[in-house]
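These notes are about the structure you will find just below.
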Amino acid sequence: MSAADVQAVIGSPANFELLVMQLLSADNTGRKQAEAVYEALKAHADPCLTLLLRCLRSSEKVESRSFCAIMLRKALTQNEPNLWTQCSPQMQAALKTELMAALVEEQQRSVVHKVCDTVSELAADCLDKGTWPEVLPALQELATSPNPAAVEAGLLIIANLASYSTDHMRPHLAGLQPLLGNCLNHAAIDVQVAALHACCNFINALDDPREREAFQPMLVPMLAALGRCLTAGDESSAQDVLELLIEVAESYPKFLRKHLTELVSAMMQIATASQLEPPTRSLAAECLVTLAEARDKAPGMVRRLPHFVGGLFEALMAFLLDVEDEPDWHRGDTDAHEDDGAGELFDGGQEFLDRVAIALGGRALVPAAGQLLPVWLADGDWRKRHAALICLAQIAEGCEKLMAEQVEGLVGMCLSGLRDTHPKVRWASCQALGQMCTDLGPELQTKCGGAVLPALLAAMDDFANPRVQAHAAAAVVNFSEGCESDTMAPHLDALIAKLLTLLQQGKKIVQEGALTALASVADCAQEQFVRYYDAVMPLLSQILHNAQNKEHRLLRAKVLEC
């Protein structure tokens, strides 16, 4: 790269646009050459910024305009030293004028948003130095424009400055609050969402509770804006709004207290609306769970709401119904298909139940579970029986004390599931038993070991469903880890004989599970395992010798561990 290459670009806007296209190229060699030219060009601050600005404002290619908006932001605010400090006062004035004009005149919304980012970061730097005081009145003027796109752009920058430059925005709050209130009722959904973004950023950024409280009247219009997004079928915008409300719920849950009933009602409706996309429903559930977790910042706030716990529990249980019966799951060839059939809501539902149980505890959650789970376990739909057992596994940790008092009944539910006609229900029973052995042990092992181990042994005979066999072995691991050797002793003969059978006859995932279980049983049995040593070690040595293929690496590792 020579000085002539740089001069060729400086002297020709067309050459500069070719350089931009090379910077966007997937060809590594060409792109690296273009990057070298661009780096050299940045040594000439005014010409470089002039070319970037001209390409942003006049290129016919959307990707070029978009890229130049990004490059301007980096050049002006991120690179050290940045070009803003190196360019002339005349160039600085031109940048301010042209960037603000681009917010109004650019027709491509995605490009406008990138210009908003550039203006936001530049304005934040300038406000700190007192070199762009006129930007705030200009943004307020934009936000009252008859052009909805310009209004949205002004609001998005105000939203960013609420986070970046809170102290500089504070003196303008009295004028901004009625403006934001009006924009929340604007005819354009994009404007409503941008206004909501600004409100939430102010709420999160303001340290003084009195300043935050001034935004209280905005909350009901914010929820109305969310409703309008959903009514219009704009779930992408609705998801943006939900994410903003989650941030407020996490940072300042007390701010929501005055309108908590309306907020919770709206979130429950969204979370339970089967016609909505899973991400939208999951975000509504996330908001409710976040409120439930706000014990330190707003103790007892949601518990006082009638039907909150029961409603949330039922909504999350419905998430667990997002599961299908996939053929690959039944084959059980590898661990790769273990999650086959589980939808987005199913995974979220598990996590949410776990978090809610920890946040609210057994006293709040177990009564709701006690009403619903027996009904679902008796339902003809295997997905409900499966969900009830998965739920037991998820809430055991958070509801440990109260569930320990009812352990015999809960184990009875799982044992009933092990006799179910559907393999996935049996698998879920193993999951619940294993998790409860961990969370409710060693009381569970002591009180119920005589029923649990024989039932798991019977599940290991299910050669038609290797995943059930492997998961029963995994539950034995959980049982052993919280078990006294005397509790285990009466079952050792049958248990070790069964595990050795699985090692010789089972599929690979079953063998892997059996090895882990065997190691765990030996660890629990201690010196009582001595009499099995002569039967076990030759078999392990044989497996180690024979399992030489690449796909058997995990099996060999488990043999060595055992």
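So which of Leu23, Leu72, Leu51 is in contact with a Pro (Cβ under 9 Å, 6 or more places away or on another chain) and open to solvent by less than 40 Å² (accessible area, probe 1.4 Å)?
Leu51
Which of the residues that make up segment 24-58 are farther than 19 Å from Val115 by Cα and either touching a residue at least 60 places away in the same chain (Cβ under 8 Å) or of a type in the set (A, V, I, L, M, F, W, C) (or both)?
Of everything in segment 24-58, those that are farther than 19 Å from Val115 by Cα and either touching a residue at least 60 places away in the same chain (Cβ under 8 Å) or of a type in the set (A, V, I, L, M, F, W, C) (or both) turn out to be Ala26, Ala34, Ala36, Val37, Ala40, Leu41, Ala43, Ala45.
Say we look at segment 1-20 and pick out the residues that are in contact (Cβ under 8 Å) with a residue 24 or more places away in the chain and closer than 17 Å to Glu60 by Cβ; which of these is surrounded by the most Cβ atoms within 10 Å (Cβ to Cβ)?
Phe16
Starting from segment 522-541, keep only residues that are loosely packed, with under 13 Cβ neighbours inside 10 Å, then list their pairs with residues that are not charged (D, E, K, R) whose Cβ atoms are within a distance under 6 Å, requiring at least 6 positions of separation or different chains.
Taking only residues 6 or more apart or on different chains, the pairs are Gln526/Ser485.
Per-residue answers, yes or no, for (1) among the β-branched types (Val, Ile, Thr); (2) open to solvent by less than 50 Å² (accessible area, probe 1.4 Å); (3) in contact with a strand residue (DSSP E or B) (Cβ under 6 Å, 6 or more places away or on another chain); (4) not in a helix (DSSP H, G or I):
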residue: Leu353; (1), (2), (3), (4): no, yes, no, no
residue: Ile358; (1), (2), (3), (4): yes, no, no, no
residue: Ala369; (1), (2), (3), (4): no, yes, no, no
residue: Pro374; (1), (2), (3), (4): no, no, no, no
residue: Leu389; (1), (2), (3), (4): no, yes, no, no
residue: Leu392; (1), (2), (3), (4): no, yes, no, no
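Quick check: is even one residue across segment 290-298 open to solvent by 20 Å² or more (accessible area, probe 1.4 Å), under 20 Å from the mean Cα position of the chain (by Cα) and modelled with pLDDT under 95?
yes
Quick one: is Gln548 outside any helix (DSSP H, G or I) and either out of contact with any helix residue (DSSP H, G or I) (no Cβ under 9 Å at 6 or more places or on another chain) or surrounded by fewer than 18 Cβ atoms within 10 Å (Cβ to Cβ) (or both)?
So Gln548 passes the test.
Test Gly349 against the criterion of being modelled with pLDDT of 85 or more and surrounded by 14 or more Cβ atoms within 10 Å (Cβ to Cβ), and give yes or no.
So Gly349 fits the description; yes.
Hey, Leu554 hits all of (1) open to solvent by 50 Å² or more (accessible area, probe 1.4 Å); (2) of a type in the set (A, V, I, L, M); (3) under 26 Å from Gly449 (Cα atoms); (4) within 37 Å of the chain's Cα centre (by Cα) but one; which does it fall short on?
(3)
Just a yes or no: is a residue in segment 497-515 open to solvent by less than 80 Å² (accessible area, probe 1.4 Å), basic (Lys, Arg) and either part of a helix (DSSP H, G or I) or within 25 Å of Ala428 (Cα to Cα) (or both)?
yes
Among the residues of segment 75-93, write down those that are of a type in the set (A, V, I, L, M, F, W, C) and open to solvent by less than 40 Å² (accessible area, probe 1.4 Å).
Passing the criteria: Ala75, Leu76, Leu83, Trp84, Cys87, Met91.
Hey, among the residues in segment 431-444 that are crowded, with 24+ Cβ neighbours inside 10 Å and more than 27 Å from the chain's Cα centre (by Cα), which one's farthest from Asp486 (Cα to Cα)?
The qualifying residue farthest from Asp486 (Cα to Cα) is Leu433.
Look at segment 157-191 and say how many of its residues are among the hydrophobic types (A, V, I, L, M, F, W, C) and touching a Cys at 6+ places or on another chain (Cβ under 9 Å).
Residues flagged as among the hydrophobic types (A, V, I, L, M, F, W, C) and touching a Cys at 6+ places or on another chain (Cβ under 9 Å) within segment 157-191 amount to 7.
Hey, any hits in segment 303-325 for a residue that's part of a loop (DSSP other than H, G, I, E, B), hydrophobic (A, V, I, L, M, F, W, C), buried (at least 19 other Cβ atoms within 10 Å of the Cβ) and more than 19 Å from the chain's Cα centre (by Cα)?
Among the residues of segment 303-325, not one is part of a loop (DSSP other than H, G, I, E, B), hydrophobic (A, V, I, L, M, F, W, C), buried (at least 19 other Cβ atoms within 10 Å of the Cβ) and more than 19 Å from the chain's Cα centre (by Cα), which makes the answer no.
All but one of (1) assigned to a helix (DSSP H, G or I); (2) surrounded by 20 or more Cβ atoms within 10 Å (Cβ to Cβ); (3) without any contact (Cβ under 8 Å) to a residue 60 or more places away in the chain hold for Ser265; which doesn't?
Here Ser265 meets the rest and fails (2).
Quickly run through segment 59-77 and pick out the residues that are free of Cβ contacts under 8 Å to residues at least 12 places away in the same chain and over 18 Å from Ala34 (Cα atoms).
Selection gives Glu60 alone.
Could you check segment 177-229 and list, in sequence order, the residues that are surrounded by 21 or more Cβ atoms within 10 Å (Cβ to Cβ) and either of a type in the set (Asp, Glu) or closer than 25 Å to Gln275 by Cβ (or both)?
Gln192, Val193, Leu196, Met222, Ala225, Leu226, Cys229
Say we look at segment 457-495 and pick out the residues that are farther than 21 Å from Trp329 by Cα and acidic (Asp, Glu); which of these is surrounded by the most Cβ atoms within 10 Å (Cβ to Cβ)?
Out of the qualifying residues, it is Glu481.
What pairs can you find where one residue is in segment 413-431 and farther than 13 Å from Ala458 by Cα, the other is outside any helix (DSSP H, G or I), and their Cβ atoms are less than 7 Å apart, with a gap of 6+ or different chains?
Taking only residues 6 or more apart or on different chains, the pairs are Pro423/Asn465; Lys424/Asp325.
Six or more apart or on different chains, Cβ under 8 Å: which pairs go from a residue in segment 443-472 that's farther than 22 Å from Leu402 by Cα to one that's among the aromatic types (Phe, Trp, Tyr) and part of a helix (DSSP H, G or I)? Could you list them?
Listed by first residue and then by second, the contacts come to Leu453/Phe479; Leu456/Phe479; Asn465/Trp427; Arg467/Trp329; Arg467/Trp427; Val468/Trp427; His471/Trp427.
How many of the residues in segment 422-461 are among the acidic types (Asp, Glu) and in contact with an Asp or Glu (Cβ under 7 Å, 6 or more places away or on another chain)?
Residues in segment 422-461 being among the acidic types (Asp, Glu) and in contact with an Asp or Glu (Cβ under 7 Å, 6 or more places away or on another chain): 1 in total.
Could you run through segment 18-49 and say how many residues are in contact with a Ser or Thr (Cβ under 6 Å, 6 or more places away or on another chain) and within 20 Å of Ala94 (Cβ to Cβ)?
Qualifying residue count for the region: 2.
The values are calculated or read from the model by the stated rules, or taken from the named source; none is laboratory data. The structure displayed is predicted, hence computed values, not measured ones. Heads up, the Cβs are rebuilt from the backbone with ideal geometry, glycines too, and the neighbour counts pull from every protein chain shown. Just so you know, the surface numbers come from the protein's heavy atoms only, side chains and all, with ligands and any DNA or RNA stripped out. Shrake-Rupley method; radii C 1.70, N 1.55, O 1.52, S 1.80 Å.
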